Every structure is written in structure tokens, then in C-alpha cells.
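Asks: Here you go, one structure.
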Amino acid sequence: MRALVVEHGEAGPVRFADVDEPEPSSDEALVEIRHIGLNFGELNYLHLWQAGAVHGHDAAGVVVRAAADGSGPPEGTRVALGMSSHAWAERVAVSPASLGIVPEGVDLADGAALGIAGVTALRVLRKRSLLARDVLITGASGGVGHFAVQLAALAGARVTALVGSPDRAAGLRELGADRVLTDLAGTECSFDFVLDTVAGPLLAQAWNRLAEGGTIHLVGYSSGQDTTFPSGALFGFGESRSITTYGDMTPTSEDLTDLLGLVAAGRLSVPVGLRGSWLDVDDAVQALFARKVHGKIVLDVV
């Protein structure tokens, strides 16, 4: 069968290859993949994966063989894979713990966009009550950012969306942002909660805007730049402020189910900024790296 595998050479980050058919264990379902979802991290940090391995974590498809032990969804069920392994192939053996059932009325392709980005936003924003809190989402035009803006607004937060340029601000107010900024220099607002996907100098700026008792949650470093804190910046009086990392790799089934339920209810929009064929994956990767896509990239397996 065909799959997208890791390529460390100039032809990378992924290439097509013929690979062996998966052999599910008794507690794994066999899923025919119809759509895959691309993420910046898995494509930009290729040194973390072995060359030639089937790549990808997010996808959506149909169960063609249920797990032999009776666990998980039955044959014919439409499912989304989130933070799974080796997902970018025509067929995948996957644990039900990484599957969310896609409700009727929800586009199967939208399920492929939810995994890493949607689950990350959901898990981070569940860390504390956001009702009537001031929340800052950096990199708000990206996949995590689009979901985080909506979920924070649903939780009752006053949401500030920060983007890199005015042309990346489109649609964020409609998703629930109360304010959309291109830098923090023009605001005197103090934030109770920051979800940061950018890092670099912006992280130090966000720290200066963090309210007493507030927390910055680091979920990415898309800027690729170092963060330098001026002398004394990390000292302060009053209730403690904190910076915390994120790396939750626990099973995603329940979180995917919650997200898909919000989509089915019309309360969560899936921000697919580019939809195409997986045969055009090279063009899609270039668009992703060039920051030309607002939201998620979903490619159809054909």
C-alpha cells in the first residue's frame, strides 16, 4: 500500500513509498484512511523520527475491521485519529484509545483536522476556569490558535488573539476573539492565562503582561527564536506567576469525542485553510512552512 514516509534528504520532509500492509493486534482496529491532517511540528522537526517510517499523527477514515477483542468501534464506523502513530497511509492499525467517532452530519475531513491542534487547545484551556478571565492566544491564526480562540470564548473568557500581521487576523472576531492584535505594545491589558504557540521574544513580552496568579502555557515555538528575559524580569511581589510546558501524550479518544460533539452541535468550527489531494503534499508543506495557510491543512487520500 501507499504511504507518506519520513525523508531526511533534500526531497523531504516526506515522500511516497510502498509499505507493508498493517497487521493489527487483537486490541487494534484496521482503519481505511480517507483524509490526513498536517501539523507544523511533525514536518519541521524531522530529526525526531526515523527515516523511512510511515509519518503523521492525525487522520480520519472508516473502520474496515474491528478490533478482534471486541474493544472499540465496529466495522463501518467513521473515525478520527488523533495523536496516533504512522497515520499517513492508506490503511492503519490503531488502538481505539486514539479514535474518536465522527457523528453523522460532520464532514469526515474535519475529523482529520482535530487531533494535535484541537486536543492541545482543549487540554490546555481546561487547566483552570476561564469564566470572565482575560486570555491571550498567540499565533491565533494557526491550527491550535483557531481552536483555542473558540474554546476560550465558549468557556466565557475575554479573548485577545495575537497574530503576526494584519492579513492573518481575518475571521478571528467571528470565532469569538474580543480583540485581535498584531503586537502587545499597544495594550495595557493584564492576562490571567496565556496559551503561547510562538515563544521567542514574544514570550518575554507576554510575561510582562501576565497578571498576578497568571500562567503562560507553552505549546509550541514556531518563531524558532530564543527567549531572553531582562535582569529582574522573573522576580516579583504578590501572587506567583508561572510558565509551564505542555507535552500531554495520553490517549485522545475522549477529547476527540468532546470536540466532535461540539462540531456536531455547531459550537465549534473546524478551520480548514487548505484542502487538496495528498498527491500534492509537497505544495501543501511549502505553503505550511511559508505561513500561507490560515488554520489547518487537510489532504484527501486518493
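The values are calculated or read from the model by the stated rules, or taken from the named source; none is laboratory data. Every value quoted in this text rests on a predicted model; they were computed, and no experiment measured them. Virtual Cβ from ideal backbone geometry, glycine too; neighbours counted across all protein chains shown. Areas reflect the complete protein model, heavy atoms only, side chains present, ligands, DNA and RNA absent. Shrake-Rupley method; radii C 1.70, N 1.55, O 1.52, S 1.80 Å.
Asks: With all protein chains present and a 1.4 Å probe, how do THR250, THR228 order by accessible area, largest first?
Replies: THR228, THR250
Asks: Of [x] 66, 18, 15; [y] 34, 21, 17; [z] 42, 20, 17, which is the value of semi-axes √(5λ) of the Cα gyration tensor in Å derived from the coordinates here?
Replies: [y]
Asks: Sort the following peptides by mean Cβ neighbour count (other Cβ atoms within 10 Å, averaged over residues), highest first: 273-286, 138-151, 25-38, 113-126.
Replies: Highest to lowest by the protection proxy: 138-151, 113-126, 25-38, 273-286.
Asks: State whether the range 1-141 is rounded, prolate or oblate according to the following rule on the C-alpha gyration tensor (a ≥ b ≥ c being the square roots of its eigenvalues): a/c under 1.5 gives rounded; otherwise a/b larger than b/c gives prolate, and the remaining case gives oblate.
Replies: Oblate shape, in that a/c is at least 1.5 and b/c is the bigger or equal ratio.
Asks: Of GLY56, GLY72, GLN225, which is farthest along the charge dipole of the chain in the positive direction, counting Lys and Arg as +1 and Asp and Glu as -1 at C-beta?
Replies: The listed residue farthest towards the positive side: GLN225.
Asks: While we're here: When the helix-only estimate is applied to the chain (DSSP H runs of n ≥ 4, each -39,500 (n - 2.57), divided by the residue count), what is the mean residue ellipticity at 222 nm, nearest 500 deg cm²/dmol?
Replies: -6000 deg cm²/dmol, from helical runs alone.
Asks: Let me ask you something else. For the range 86-97, just list the computed ³J(HN,Hα) in residue order, Karplus coefficients 6.51, -1.76 and 1.60, θ = phi - 60°, integers in Hz, with x standing in for Gly and Pro.
Replies: Calculated HN-Hα couplings, in order: 6, 8, 8, 9, 5, 9, 9, 8, 9, 6, x, 5 Hz.
Asks: Next up: Give me the net charge of ASP27's neighbourhood, meaning all other residues with Cβ under 15 Å from the Cβ of ASP27; Lys, Arg count +1, Asp, Glu -1. Please list the in-between numbers first.
Replies: Details: positive: ARG65; negative: GLU23, GLU28, ASP69.
Here the charged neighbours net out to -2.
Asks: Using the charge dipole of the chain (Lys, Arg: +1 at Cβ; Asp, Glu: -1 at Cβ; taken about the Cα centre), state which of GLY105, THR187, SER95 has its Cα farthest towards the positive end.
Replies: Value computed over the given set: THR187.
Asks: With point charges of +1 on the Cβ of Lys and Arg and -1 on the Cβ of Asp and Glu, referenced to the Cα centre of the range 177-302, which listed residue (ALA199, LEU234, TYR246) lies farthest in the positive direction of the dipole?
Replies: The residue sitting farthest along the positive end of the dipole is ALA199.
Asks: Now, a different point. Looking at the chain as a GNM with Cα springs under 10 Å, which of SER71, SER84, SER253 has the largest mean-square fluctuation?
Replies: SER71
Asks: Can you tell me the dipole magnitude for the range 139-187 around its Cα centre, using point charges on the Cβ only (Lys, Arg +1; Asp, Glu -1), in Debye to the nearest 20?
Replies: 80
Asks: Can you compute the charge dipole magnitude of the chain about its Cα centre, using +1 on each Lys and Arg Cβ and -1 on each Asp and Glu Cβ, nothing else charged? Give it in debye, rounded to the nearest 20.
Replies: It works out to roughly 980 debye.
Asks: Next question. How much net charge surrounds LEU130 when only the other residues with a Cβ under 12 Å from the Cβ of LEU130 are counted, with Lys and Arg +1 and Asp and Glu -1?
Replies: Summing Lys/Arg as +1 and Asp/Glu as -1 gives +3.
Asks: Return one whole number: the accessible area per residue of the range 181-233 in Å², for a 1.4 Å probe.
Replies: 46
Asks: Note down the magnitude of the dipole of the range 70-204 about its Cα centre, charges +1 on Lys and Arg C-beta and -1 on Asp and Glu C-beta and zero elsewhere, to the nearest 20 debye.
Replies: Here the range 70-204 has a charge dipole of around 340 debye.
Asks: Leaving ligands, DNA and RNA out of it, report the carbon-plus-sulfur percent of the accessible area of the chain at a 1.4 Å probe.
Replies: 49
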